[in-house]
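The values are calculated or read from the model by the stated rules, or taken from the named source; none is laboratory data. Note that the coordinates shown come from a computational prediction; the quantities given were computed from them, not determined experimentally. All Cβ positions, even for glycine, are placed from backbone atoms using ideal geometry, and neighbour counts span all protein chains on display.
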Amino acid sequence: MRWFASCFALTAALPAFAQEAKVSFYKDVRPILQQNCQGCHQPAKAQGGYVMTEHAAMLKAGDSSKPGVVPGKPAESYLLHEIHVKDGKAEMPKNGAPLTANQYAVLEKWIAQGAIDDTPASAQTKEIDAEHPPTYPAPPVITSLAFDPKGKILAVTGYHEVLLYGADDSKLQARLIGLSERVQSIAFSPDGSLLAVAGGNPGRFGEIQIWDVEKRKLKVSAPVTFDTVYGLSWNPEGTLVAVGCSDNTVRAIDPKTGKQVLQMGTHSDWVLGTVFSQDGLNLASVGRDMSMKLTEVTTQRFVDNVTSITPGGLKGGLMALDRRPLKTKTMAKVPADAPNIGNRVYDELLAAGSDGVPRLYKMHREVKREIGDDSNKLKQFEGMPGRISTVKFDADGARFAAASSLDGKGEVAVYDAVAGKKLKCEAVAGPAFAVAWAPDGKTLASGGFDGKVWLHDPATGKLLKEFVVQPK
């Protein structure tokens, strides 16, 4: 009893916060900041002059001249003032939903307990931003490539960044460095003024970045789920950006605000590719669940399975997707009993994946579904070795290119979309993951595991030039 009384007296003498469980910056606080704050408060986009990607930076003052975090003094910490919810509203996050009462309590308690940084040494990484760009002991794996609509810039994925090269001289022009360690997919807006980037930090957060190409400035950083995101695409008007997610959803944001405006969750595995219809009314997606699905954009409703839903109809997951550019917008002959009946523009979709076989489909079903049918399939092309990571049509829709990989080797090929003839590009030395057409259709860029960009003549398959992505 004396021992019990002594312990009780000791506990009672401790300050109130010491009797509570310690709030961990690394485990508890950091995830809240990543999902709600770091998009606007990072080195590439320090809104209000305040950065929240590093513990030390959070203790400093922004443009308000008031320190964001004062250890042990919640009342003097300007961060809490900005995220405090009153009448259902808060100053921050800007254009986003206020933090929950529980999230606010976690931050308040962490500050009251001394705002300690308990990030493990093994998780501490070197600061990476425009002033401290990533260094490359070896060339990065190239996961995506994109020419701007004018054919002046070739964008290439790197580590923590997208690198902009001159399309004519292959000289590095700019490095767009953001939060995401891994960059999975990039695409220029239809008018070329913006570059969208999809990626994230595996197992921590996904992110969509929107960059002003001319100013080389980050306009939007939108957090998306808790893992990297894939298969980015723009709608024809340049007003939506869609991605596939590892939580089996398809999502789209407004590129001006970063606000999510669409979510579809009918896939049963990771979604790896997206593309909008010509009229922007529908969004197609492919994933590891061996299916291509169609979503109605305005209602966010699942419309149909474009591919066969019969088990074994497709062998392996789908990773690559593109819409064929068609010169005329003819109307699809939609059956009367089809879901969400209405006027629909006829579209064709190209998909490929684990079995290495590109297949062309009609976007909209024109006959009544029968069990076991694959009536939307128009054509199946000659296969490639291993899995196909990317398929891309040229501007006319007459040809498409694809990249594949198997057992440390790769292949880049150009297909005649009508005749089906396959032309293999020469001198592709390793696994290939990305392709991009120059707007004039006279150059095909590709890249992959070894960090090389190959520039081929798509009419002959001859290698025109190659360069290594390894900025000094």
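Worth pointing out:
- Qualifying residue in segment 93-100 (condition: surrounded by fewer than 18 Cβ atoms within 10 Å (Cβ to Cβ), among the aliphatic types (A, V, I, L, M) and more than 24 Å from residue 228 (Cβ to Cβ)): no
- Members of segment 134-152 that are surrounded by fewer than 16 Cβ atoms within 10 Å (Cβ to Cβ), in contact (Cβ under 8 Å) with a residue 40 or more places away in the chain and more than 20 Å from residue 443 (Cβ to Cβ): 136, 138
- In segment 279-289, the residues that are within 20 Å of the chain's Cα centre (by Cα) and in a loop (DSSP other than H, G, I, E, B): 280, 288, 289
- Elements of type helices (runs of 4 or more DSSP H) contained in segment 1-74, each with 1 or more residues being modelled with pLDDT under 85 and closer than 20 Å to residue 180 by Cβ: 30-36, 55-58
- Some residue of segment 122-131 being surrounded by 18 or more Cβ atoms within 10 Å (Cβ to Cβ) and closer than 26 Å to residue 68 by Cβ: yes
- Unmet requirement for residue 222, which otherwise passes all of (1) closer than 25 Å to residue 287 by Cβ; (2) surrounded by fewer than 21 Cβ atoms within 10 Å (Cβ to Cβ); (3) hydrophobic (A, V, I, L, M, F, W, C): (2)
- Taken over segment 285-306, residues that are in contact with a Pro (Cβ under 7 Å, 6 or more places away or on another chain) and β-branched (Val, Ile, Thr) amount to 1.
- Strands (runs of 3 or more DSSP E) contained in segment 386-443 and holding at least 1 residues out of contact with any helix residue (DSSP H, G or I) (no Cβ under 7 Å at 6 or more places or on another chain) and under 20 Å from residue 326 (Cβ atoms): 387-393, 399-406, 409-416, 432-437
- Selection status of residue 160, surrounded by fewer than 20 Cβ atoms within 10 Å (Cβ to Cβ) and not β-branched (Val, Ile, Thr): no
The rows are residues; the columns are (1) aliphatic (A, V, I, L, M); (2) more than 16 Å from residue 459 (Cα to Cα); (3) more than 26 Å from the chain's Cα centre (by Cα); (4) surrounded by fewer than 23 Cβ atoms within 10 Å (Cβ to Cβ).
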| site | (1), (2), (3), (4) |
| --- | --- |
| 388 | yes, yes, no, no |
| 393 | no, no, no, yes |
| 396 | no, no, yes, yes |
| 413 | yes, no, no, no |
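- Residues that are surrounded by fewer than 20 Cβ atoms within 10 Å (Cβ to Cβ) and of a type in the set (Ser, Thr, Tyr) within segment 422-448 are absent altogether.
- Search result, residues across segment 210-232 that are basic (Lys, Arg) and not in a strand (DSSP E or B): 215, 216
- If you check 155, 112 for being crowded, with 18+ Cβ neighbours inside 10 Å and either outside the structural domain of residue 242 (by TED's automatic domain parsing) or over 30 Å from residue 236 (Cα atoms) (or both), only one passes: 112.
- Candidates 418, 412, filtered to the one that is touching a Cys at 6+ places or on another chain (Cβ under 7 Å) and assigned by TED's automatic domain parsing to the domain that holds residue 321: 412
- Those residues of segment 290-309 which are outside any strand (DSSP E or B) and under 18 Å from residue 366 (Cα atoms), in sequence order: 306, 307, 308, 309
- Number of positions in segment 189-233 that are among the aromatic types (Phe, Trp, Tyr) and touching a Phe, Trp or Tyr at 6+ places or on another chain (Cβ under 7 Å): 2
- 2 or more residues surrounded by 21 or more Cβ atoms within 10 Å (Cβ to Cβ) and either in contact (Cβ under 8 Å) with a residue 12 or more places away in the chain or assigned by TED's automatic domain parsing to the domain that holds residue 47 (or both): qualifying strands (runs of 3 or more DSSP E) within segment 233-275: 241-245, 250-253
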